[in-house]
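Chemist: Before anything else, here's the structure in question.
The values are calculated or read from the model by the stated rules, or taken from the named source; none is laboratory data. These numbers come from a predicted model, not from an experiment. With ideal geometry, Cβ positions are generated from the backbone for all residues, glycine too; neighbour counts draw on all protein chains shown. Side chains included, ligands, DNA and RNA excluded: accessible areas come from the protein's heavy atoms. Shrake-Rupley method; radii C 1.70, N 1.55, O 1.52, S 1.80 Å.
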Amino acid sequence: MSEPDRPTFDIAVPSTDPEKKDQDKPKANGDIKGKGKEDGGKEDDVSDVSEEDLQLKAELEMLVQRLKEPDTNLYLPALESLRTLIRTSTSSMTSVPKPLKFLRPFYEEMGKIRDSWDEGLKEQRSLLASILSVLAMTYSDTGKRETLFYRLLSESTEAPGLWGHEYVRHLAAELGEEYNSNYASELDADLGGVEKPEGLKYTTEQLKALSLELVTFFLKHNAEADAVDILLELENIHEIVELTDDKNFERVCRYMVSCVPLLVPPDDSAFLETASKIYAKYDRYPEAIALAVRLNSPSLIRQYFEAPKNPVMKKQLAYFLARAQIPLHWVHTAEGTESEEEEQPPTQEEDVLDCLGNVKLSTHFRNFGKAVGVEEPRALEDIYKSHLEPNRTTQTADSARQNLASTFVNAFVNAGFGNEKLMVNAAEGQSWIYKNKDHGMMSAAASVGLSLLWDTESGIDHIDKYTYSPEEHIKAGALLATGIFHAGIRTESDLAYALLEEHVDSKSLSLKLSAINGLGIAYAGSGRKDIAEKLLPHVADETNTMEVAAMAALALGFVFVGSGDGEIASAILQTMMEREETQLASEWTVFICLGLGLIFLATQEDSEPTVATLKVIEHPIASIAETIVDVCAYAGTGNVLKVQQMLHLCAEHADKSKKETSDSDAAPVAAEGEAGGDSEGEDKDKEEKDKVDSLKYQAFATIGIALIAMGEDVGAEMALRQFQHLMTYGDPVIRKSVPLALGLISASTPQLSILDTLSKYSHDSDLDVAINSIFAMGLVGAGTNNARLAQMLRGLATYYAKEPDCFFMVRIAQGLVHMGKGTIGINPYFNDGQVMSRTAVAGLLATIVSFTDARKFVLDKHHWQLYWLVTAMYPQFLITLDEDLEEKPVTVRVGQAVNTIGLAGTRHGISGFQTHQSPVRIGTGERAELGTNEFFPYQSVLEGLVILKK
């Protein structure tokens, strides 16, 4: 027993050892040693404080005594030595610097001393105030913000940075608190400038001036985030433009842009505008114009587009604007156009117009296809791989439905290459069109447009023969196809409008609808007034069926997406108010609401007057319209309050909402009785239907959560969790729309968790949920060739072999997953996920909305609605061009994008990269960097068409 005891005993003895070290202490630097011990509050315990400290303490006490003496000449030298002592004292991270610690007991006293001095001793008072300001740091928990008080009292001109980093950060914190607690509220009820109300010690000018001193210090010391934060707190962000320099502007801007989703309006747009000004100041026009596009501000876009003198840079910007589908008339005035606006943009050169109109997109895309080795047409069997489907049963589903599905699969898979064998290169008389019936023929003819996507020249030649077909459906399909292959392309000849406009007034319903939708798809986002003049009468004409009015409203929504155009909005509102109840009950009315919503897409508070007007309409459709306009207005902003509001809407249950909506005029008691059980016998079905109708808006609230949250990663992840709750506890109408919301929130980004969730829902007992889940699987994997997803879909094909609706949907999803043979995506975010394409959101939303009632639309006779996805389809490529816009292969590295904002040092933006020759495919969430230093890209985000300088 004594054996093991002894070592412990041995170890216990040296406990006196630190004492010995203490005796050696004076040799070390007097300021650093032995801190931990003294922090224990043993200053009085003389044996514990080293001689050097005692000496310092005595000296400080003597200096404080001097300040009390009547001889004023002693004051300045004493204060000077105090200042020197404080500034030269070093401190470790964990403890208070010595002089501050020893002066603590005299803090109150020194304040009183300063007050007792007469006004004449200006310099002395100022210096003492500065010292008190530093001392006040040790009293920071009193909440009086005295560091700030004494700093402003001293009116000192020396930079706050001289007192050290800790002091500056302290000052910044107190400045922000002070402003927020007292001034922000006062400024709203502004008292006419500098005159401050009672109880406030400083003017806003003083605070702002001090903040600029601090910002200058922060920017010099790589603390860009702190600089931006303090200006945000003082609502003074525009000041930073002057303070940045060429070393730090990029970090400042990237931090500012990454803050935007977390800010409330109007700060978010102020940040974007300020960042774009900084970029423009340092000639970084691609970045500046990207932010201008996010703001959707025609004046800024035009300013940055006209700023660069270099014609090549202009073309690069034109490529960007073409990708963002900016209305041409914002930056270009066609010759001979008369316009009311006094400030017309200049007429652009021909070559710039070609870039702005995306004219060469088809050529580039096909070359890209060759380079990646996918230009050969894919047969349907390559997609279905039905030999892999386990235990095949012979198909009994009707073959017209099969052929229709194959039409879509063939079109989506071979989109843009224009060489598939079923339609475009079919032998004479063997065309796939004739294997379809009635409405199927329309979709089949329209699919020609999809396989010739963006190729306006050969598109016209191919489709021409169908426009003379005696079969009305084929003719209608041809019109739609004309719209489809013009999607996002603006040519000088403007053929789509010329070919479609006469049919808008056609007597035949199918021709009329096709022409209207063709215009909507072809000119999405172009904001052209002539189209508005053509379509508005159809919205307003009360003799039209709801179907025509709805499609015209939706086409206007496409063309004027995100423009906030009041004229069109009021025309659509007018229609909604004037139509009869029975007409408003039509299933098509949803698209009128959507058309209205798209006009206000991402315009935030501009939509409020419209929402207010909608509250007046009595019909249940008003709640749907209100929800749709609301969520569209905040699309992609990540606005938390709106998401919460939508969750509230989803939480309402049928009987409660019945009281609110359908029976708003009857007494609530009666309504409750009705929901309870009076009419249970005779009228149950009708009541069920009413319940569903009155809750229809919940479907859009659910999709709205995804629409609002998709712009920002954290929000999107949180939304996924909410969807699980909604799926578990929601009414059928919500459960049906959750899969669609999942499809929207991660379009073309197959994440495993989402795939598994959707796979689970796709076997749901409620077939509507299953159908929507299968479609969502198609959206999530669109254009990714995701093998796991393809395998899931093959399994579903077997599982639902006997369910024609589900089986049809599985086929469509398989077509979407292999869209463009894996080269075309539908994710609405581009430019490194920074910019939301409004037209893409419009297309996705329209398709998703039609699936909230799939049995009446896509699964019925209106399967052509799937072609709305065209506005969201865009090649996921990086093609490098030389300055003459010829393709030029260079080595690029492609890898997963890594967020490097606010991190120290220069880091790689990608991880796990592979090196390829351009052109390369860049999926969602990937980034590219040039592998060589011999070229310099004109735009820093390598995506789409990028021009290189040698």
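Chemist: Does at least one position in the range 452-464 carry a residue that is of a type in the set (Gly, Ala, Ser) and under 36 Å from the mean Cα position of the chain (by Cα)?
Modeler: Scanning the range 452-464 turns up at least one residue that is of a type in the set (Gly, Ala, Ser) and under 36 Å from the mean Cα position of the chain (by Cα).
Chemist: Determine which member of the set Phe249, Phe217 is buried (at least 17 other Cβ atoms within 10 Å of the Cβ) and in contact with a Gly (Cβ under 8 Å, 6 or more places away or on another chain).
Modeler: Phe217
Chemist: Give just the number: which of (1) surrounded by fewer than 24 Cβ atoms within 10 Å (Cβ to Cβ); (2) touching a residue at least 40 places away in the same chain (Cβ under 8 Å); (3) in contact with an Asp or Glu (Cβ under 8 Å, 6 or more places away or on another chain) does Met546 not satisfy?
Modeler: For Met546, the failing item is (3).
Chemist: Does Leu903 satisfy the criteria of being of a type outside the set (S, T, N, Q) and either under 24 Å from Val359 (Cβ atoms) or buried (at least 20 other Cβ atoms within 10 Å of the Cβ) (or both)?
Modeler: So Leu903 does not fit the description; no.
Chemist: What number goes with the only condition from (1) touching a helix residue (DSSP H, G or I) at 6+ places or on another chain (Cβ under 7 Å); (2) open to solvent by less than 70 Å² (accessible area, probe 1.4 Å) that Arg921 does not pass?
Modeler: (2)
Chemist: If Leu885 meets every condition in (1) surrounded by fewer than 17 Cβ atoms within 10 Å (Cβ to Cβ); (2) farther than 23 Å from Gly783 by Cβ apart from one, which number is that one?
Modeler: (1)
Residues checked against (1) at pLDDT 80 or above; (2) loosely packed, with under 14 Cβ neighbours inside 10 Å:
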site	(1), (2)
Leu85	yes, no
Pro99	yes, no
Phe106	yes, no
Gly120	no, yes
Glu123	yes, yes
Ile131	yes, no
Asp141	no, yes
Glu146	yes, no
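Chemist: Going residue by residue through the range 865-879, is there one that turns out to be crowded, with 24+ Cβ neighbours inside 10 Å, out of contact with any Leu (no Cβ under 6 Å at 6 or more places or on another chain) and part of a loop (DSSP other than H, G, I, E, B)?
Modeler: The answer is yes; a qualifying residue exists.
Chemist: Ser570 fails exactly one of the following numbered conditions: (1) crowded, with 21+ Cβ neighbours inside 10 Å; (2) modelled with pLDDT of 90 or more; (3) not charged (D, E, K, R). What is the number of that condition?
Modeler: Only one criterion is unmet by Ser570, namely (1).
Residues are listed down the side, and each one gets a yes or a no for (1) in a loop (DSSP other than H, G, I, E, B); (2) within 30 Å of Ala555 (Cα to Cα):
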site	(1), (2)
Leu845	no, yes
Lys861	yes, yes
Gly895	no, no
Asn899	yes, no
Gln914	no, no
Thr924	yes, yes
Thr932	yes, no
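Chemist: OK, next. Would you call Ala292 closer than 19 Å to Pro346 by Cβ and within 16 Å of the chain's Cα centre (by Cα)?
Modeler: The answer is yes for Ala292.
Chemist: Right, here's the next one. Among (1) of a type in the set (S, T, N, Q); (2) within 24 Å of Ile572 (Cβ to Cβ); (3) open to solvent by 20 Å² or more (accessible area, probe 1.4 Å); (4) in contact with a helix residue (DSSP H, G or I) (Cβ under 7 Å, 6 or more places away or on another chain), where does Thr467 come up short?
Modeler: Tallying (1) of a type in the set (S, T, N, Q); (2) within 24 Å of Ile572 (Cβ to Cβ); (3) open to solvent by 20 Å² or more (accessible area, probe 1.4 Å); (4) in contact with a helix residue (DSSP H, G or I) (Cβ under 7 Å, 6 or more places away or on another chain), Thr467 fails exactly one: (2).
Chemist: Then there is this: Filter the range 607-643 for residues that are under 22 Å from Val257 (Cβ atoms) and either in contact with a His (Cβ under 7 Å, 6 or more places away or on another chain) or part of a helix (DSSP H, G or I) (or both) and give the result.
Modeler: Ala633, Val640, Leu641, Lys642, Val643
Chemist: Ok, one more. Mind telling me which of the residues Asp805, Asp713, Asp731, Asp768 ends up being surrounded by fewer than 24 Cβ atoms within 10 Å (Cβ to Cβ) and without any contact (Cβ under 8 Å) to a residue 24 or more places away in the chain?
Modeler: It is Asp713.
Chemist: Here is a follow-up. Looking only at the range 478-496, how many residues end up being assigned to a loop (DSSP other than H, G, I, E, B), free of Cβ contacts under 8 Å to residues at least 60 places away in the same chain and within 21 Å of Pro875 (Cα to Cα)?
Modeler: Number satisfying all stated conditions: 1.
Chemist: With (1) of a type in the set (Val, Ile, Thr); (2) over 31 Å from the mean Cα position of the chain (by Cα); (3) open to solvent by 10 Å² or more (accessible area, probe 1.4 Å) as the list, and Thr491 as the residue in question, which single condition is left unmet?
Modeler: Just one mismatch for Thr491, condition (2).
Chemist: Of Arg323, Arg254, which residue is touching a Gly at 6+ places or on another chain (Cβ under 6 Å), touching a residue at least 40 places away in the same chain (Cβ under 8 Å) and within 25 Å of Lys949 (Cβ to Cβ)?
Modeler: Answer to the check: Arg323.
Chemist: Additional query: Looking at Leu499, Leu422, which one is open to solvent by 10 Å² or more (accessible area, probe 1.4 Å), aliphatic (A, V, I, L, M) and assigned to a loop (DSSP other than H, G, I, E, B)? It would help to see each step written out before you state the result.
Modeler: Values: Leu499 fails: assigned to a loop (DSSP other than H, G, I, E, B).
Answer to the check: Leu422.
Chemist: Among the residues in the range 740-760, are any surrounded by 22 or more Cβ atoms within 10 Å (Cβ to Cβ), in contact with a His (Cβ under 9 Å, 6 or more places away or on another chain) and part of a helix (DSSP H, G or I)?
Modeler: No, the range 740-760 contains no residue that is surrounded by 22 or more Cβ atoms within 10 Å (Cβ to Cβ), in contact with a His (Cβ under 9 Å, 6 or more places away or on another chain) and part of a helix (DSSP H, G or I).
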